[in-house]
Amino acid sequence: MSFKEDTVTTDSNLLTQRSTVLTLAQTRSGLSSDIACGLAVANVYYNQPLLAHMGRSLNISVQQVGFIPTLTQTGYAVGLLLLVPLGDMMERCWLIIIMLSLLACALVVEATAPNLVWLSVSSFVVGFCSIVAHLVIPLVAHLTHPSERGKAIGMLLSGMILSVLLARSVSGIIGEYFGWRAVYGISAGVMLVLALVIQGRIPQSKPSSPLSYQQLMQSLVQLVREQPVLREAALNVALVFAAFNATWVSLVFLLESPAYNYDSRVAGLFGLVGLIGVFTTPIVGRVADKRGPRMLVGIAVILSLSAFVILWIAGGTHLMGLILGMLLVDLGMHTGYVSNQIRIYNLVPNAESRLNTVYMVTNYTGGALGSFLGTYTWGLWQWNGVCALGFFLLVVAFIAHFSVGKRKSPAV
């Protein structure tokens, strides 16, 4: 089986779809496609400011409630593995509508979960169904010229980042005033509305591959084996995202500790420090188009390491140190995320969904591990343990990245 055998759309249809997708990526008003994607993926992050509320409501320990974001992100990774490759063989619009409808059902179950078992199962399913964005992003990559790919992806991800950041803040506020269950009930209604509205918002697209589902899944292994840049990018983003999540899932416990004595509203609003990613992500995409994304990956790792030094030294007791550290954590994460994603889309034509599958499954597997280890180390050693964990993960990322020599093409 050869990736060159994948079919493509006709030139005229491709140009029409390319124009439509770029318009969608640039839209920032109403229920545009990128915001819809952001609202879907935001469900993966709603629980981070709500963990303390969930624990008290269901009378479970910190370690037990710490599994909730882990299960959600694990479900997301499984959904990326099993569902996203379908984007290379099915019409994406109807696939997106189906996933939004299933997501709404899972959110209703989570909103009414009576105990830890139901909460755990529904959290996994919510993550599994929240893969809408990664049905759209490969479409954008496929229909844009390589010289403009970074700009287009950066703009799309900027809208997604804004939605995720607002989700953390809004969920913290709603959770404080109306309870954590209200967050998921409201989100279920939003997903149903999106499923109805999204028709016509995303262009119809012919499948780019003639492969069967079994062949698509087998080709994932072939991609990993044949593409060293894919392996390198996936490992890097997994380590950075693990450190990122370890910090975020522990932040609510730090803010509620005697060191700060803040409630979940502050934990949610604290997510607004990540607005820096909204403004820098399009810039990162443009720089990657001109200078090559690999250089930016190295900068992202260095920024993230600097963030954990600040968080370790000052974040546990000084608010300004915590804010500065979290700003750099977000900046490093989003820079690395976008840069690595641009790298993989330049590897194999007509395999964008499968490349994205490998990349995102590895990413969210690292994120799930980081969420688990973050709450576990908090339970044992509090903030110092979380910072030591994040620093160690980023040292591994630093060594792995800079031990690999620069490749001949700046595109990768």
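FYI, it's all coordinate maths here, none of it is from the lab. Quick caveat: nothing in here was measured; it's all calculated off a predicted structure. Because the Cβ atoms are built from the backbone with ideal geometry, glycine has one as well, and the counts that use them run over all protein chains shown.
A few points about this structure:
- With the highest mean first, a sort of the peptides 92-103, 360-371 on other beta-carbon atoms found within 10 angstrom per residue produces 360-371, 92-103.
- Pairwise centroid distance, computed over Cα atoms, of segment 280-339 with segment 61-90, Å: 25 Å
- Extension gain from Phe178 to Leu196, taking 0.36 nm per residue of separation minus the Cα-Cα distance: 3.8 nm
- Computed extension gain for Leu319 through Val62, at 0.36 nm per residue and net of the alpha carbon distance, reaches 90.2 nm.
- Fewest-first ranking of Val78, Val358, using other Cβ atoms within 10 Å as the exposure measure: Val78, Val358
- Cβ crowding within 10 Å ranks Thr247, Thr281 as Thr281, Thr247, fewest other Cβ atoms first.
- Relative to the current alpha-carbon distance between Val117 and Trp94, full extension at 0.36 nm per residue lengthens the span by 5.1 nm.
- Sites Ser212 and Trp381 - FRET efficiency at Förster radius 45 Å, r taken between beta-carbons, to 0.05: 0.35
- Taking Glu256, Glu232 and counting other C-beta atoms within 10 Å, the order from fewest to most: Glu256, Glu232
- Euclidean distance of C-alpha centroids, segment 348-366 and segment 106-132, integer Å: 24 Å
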